[in-house]
1. Taking 41 Å as R0, compute the FRET efficiency from the Cβ-Cβ separation of Asn28 and Asn153 and round it to 0.05.
2. Given region 175-318 reduced to its alpha-carbon atoms as identical point scatterers, what log10 I(q)/I(0) does the Debye formula return at q = 0.16, 0.20, 0.21 Å⁻¹?
3. How long is the gain from Asp168 to Asp287 if the chain were fully straight, where each residue apart is worth 0.36 nm and the alpha carbon distance is subtracted?
4. Could you give the nm distance between label points at Asp260 and His100, where each point is 7 Å from its Cα heading toward the beta carbon?
5. So which DSSP H runs in the chain come out at 24 Å plus along the axis (Cα) with average Kyte-Doolittle of at least -0.5?
6. Counting other Cβ atoms within 10 Å of each Cβ, which trypsin sites (Lys or Arg not before Pro) in region 222-289 have at most 15 and sit in a DSSP loop?
7. Which Cys residues of the chain have no other Cys beta carbon under 4.7 Å away?
8. Given a Förster distance of 41 angstrom, what is the FRET efficiency for Glu294 paired with Arg122, based on the Cβ-Cβ distance and rounded to 0.05?
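Taken together, the values in this text are just the output of simple stated rules run on the coordinates, not laboratory data. Predicted model only: the values in this text are computed from it and were never measured. Please note: Cβ atoms are built from the backbone with ideal geometry, for glycine as well, and neighbour counts cover all protein chains shown.
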Amino acid sequence: MLIPTEPIGSIPRPSALLDVLKRYRNGNASAHELNESYDAAIKDTVQRFEETGSPVITDGEQRKSSFATYPLEGLTNIADDGIVIPFEDGHNRQLPRLTHGPFRYGRYAVNYLQSALHEAHRPVKQAVISASALSLLYPQQELAGYSREAFLNDVVKEVSGDISLCLDAGAHCVQIDFTEGRLAVKLDPSKALLKGFIALNNRVLEQFNSEQRKSIGVHTCPGGDRDSTHSADVDYAELLPELFRLKAGNFYVQLASEKDPRRVLAIIRENLQPDQRVFVGVIDVIDNRVETPEIVRDRVLLAAEYIPLAQLGTTDDCGFSPFEDDTSTGRDIAFAKIHARVLGTQMAADLLQAQNRNAS
């Protein structure tokens, strides 16, 4: 396509899978039954993703407990009483807390990728969690025999390894989920925390050469969950200039749900580097109304007024279900929205191509 389009990642899990998960955790379903349910969910998700016409797909994160905590599965050195993240509708999510070192992944994202590649007939992208999000696992009081510096060194090693494994296994691209960017400004208006996050994530990105970085991207949004957000009230102008300092080739930027997209696009234009592509959000994932292709088309055309076509792509504002228990959006609605993104992006590309021909 003239304008590439990609999803962010997560798709609501089927009710049958959620039922088996609940029974498994209550001791009423076997691991074999759970694995069969996961396999069925991935097969159905990949098939439905391909039916939308999306040129790039994901596994819908069907096996992930959440986009942020998948590396922690099976670890014995974490506790449940970590940082609490409040959302605007009043619900909270709580991160785990590291109890002692060293920090190592319990599960790598390549495991999810390989399952999806087995089912897919189209390129598959893989999302991974950021080093900055994982840095929040370290408690305020320094751990005995395991300094914060040593922990961060291990985090950088594990995150860069996670990305490398996915690229080597054949991922179309790897997306680093950086939903804590705007939240960092909310927690620390001085932006020292945000700048620290950027520096830490750049330590990861610096492990890759310029060619590899073309296949690595960063996703930012105000933390969509259960049709709510944790930091949409933070001015994008506080984040975006720092965001584009990240040494990544692609940026996936929530935009459809912004109140003043023109202002945001102007900021993106001012800060986007020549070797970077920005995938603007044209689907509002916390609004259950399905966009028409025409609405998507118009959002793309607006973005094209500010961003050169060679650097423009489209995406969804966020994943549809970043936590496994988020059922605020139905699967049918999610796939209908993705289909609208694909059609609307193509409509806009056709119009822009026609305009370019007429101009020449």
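1. Working: r = 42 Å, r/R0 = 1.04.
Step by step, r from the Cβ atoms, then E = 0.45.
2. With no solvent term, the Cα-only Debye profile gives -0.83, -1.28, -1.39.
3. Numbers: separation 119, 0.36 × 119 = 42.84 nm, distance 3.63 nm.
Fully extending the segment from Asp168 to Asp287 adds 39.2 nm.
4. Simple spin-label model gives 5.3 nm for this pair.
5. Numbers: long enough: 31-51 (30 Å, -1.03); 148-169 (31 Å, 0.27); 331-359 (42 Å, -0.15).
Span-like helices here: 148-169, 331-359.
6. Working: sites: Arg226, Arg245, Lys247, Lys259, Arg262, Arg263, Arg269, Arg277, Arg289; in loops: Arg226, Arg245, Lys247, Lys259, Arg289.
Here the sparse-neighbourhood loop sites are Arg245, Lys259, Arg289.
7. Cys166, Cys173
8. Details: r = 25 Å, r/R0 = 0.62.
Computed FRET efficiency for Glu294 and Arg122 comes out at 0.95.
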